[in-house]
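Worksheet: the structure to be examined is printed underneath.
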């Protein structure tokens with residue numbers, strides 16, 4: 001689950017990572033990308049489209065409903081519905097690479113942070 005805002009500075013700076021993330025996820029039959037944003041759907045969809053994010057499901061919801069209040073936030077959930085990682089704020093390049101490598105590798109890996 002990716003909590004974002006089209007007006008968030010750190011979300012905008014993370015756009016290349018979101019594009020890569022969505023491309024990797026959209027090519028997987030077992031992984032889905034859920035995008036949560038409090039903003040109007042059209043605004044978020046336009047922004048996601050402009051940065052090249054594909055294959056997502058958008059939910060218009062306050063991110064606080066999920067127990068966090070900061071965008072961007074990336075929540076990684078395993079096949080059993082358990083949260084394995086909660087990554088808040090703009091990720092470093094190393095953290096981004098760790099997330100992407102987990103999508104390429106089906107074996108368990110240690111926490112990203």
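Values in this text are rule-based calculations from the coordinates and carry no lab data. Since this is a predicted model, take the numbers as computed values, not measurements. FYI the Cβ positions are ideal-geometry reconstructions off the backbone, even for glycines, and counts take in every protein chain you see.
Sum -39500 (n - 2.57) across every DSSP H segment of at least 4 residues in the chain, then divide by the residue count to get the 222 nm mean residue ellipticity, nearest 500. Could you put the intermediate results ahead of the total?
On the way: 4 runs with 39 residues, N = 113.
Calculated mean residue ellipticity at 222 nm is -10000 deg cm²/dmol.
To the nearest µm²/s, what D does Stokes-Einstein give for the stretch 2-100 at 4 °C and 1.567 mPa s, using the Kirkwood radius over alpha carbon pairs as Rh?
Numbers: Rh = 13.6 Å.
Result for D is 95 µm²/s.
So for the stretch 2-100: antiparallel DSSP bridges make up what percent, rounded to the nearest 5?
Expressed as a percentage, antiparallel bridges in the stretch 2-100 total about 50.
So what is the relative contact order of the stretch 2-100, in percent, for Cα pairs below 8 Å that sit 6 or more residues apart?
Working: 143 pairs, mean separation 31.9, N = 99.
Rounded, it is 32 percent for the stretch 2-100.
Full-extension gain between residue 59 and residue 12, please, as 0.36 nm times their residue separation minus the C-alpha to C-alpha distance.
Values: separation 47, 0.36 × 47 = 16.92 nm, distance 1.87 nm.
Computed gain between residue 59 and residue 12 is 15.0 nm.
Throw me the Rg/Rh for the stretch 41-92, computed over C-alpha atoms with Kirkwood Rh, two decimals.
On the way: Rg = 12.5 Å, Rh = 12.8 Å.
Here Rg/Rh amounts to 0.98.
Compute the FRET efficiency between residue 105 and residue 50 as 1/(1 + (r/R0)^6), taking r as their Cβ-Cβ distance and R0 = 22 Å, and round to the nearest 0.05.
Numbers: r = 30 Å, r/R0 = 1.38.
It comes to 0.15.
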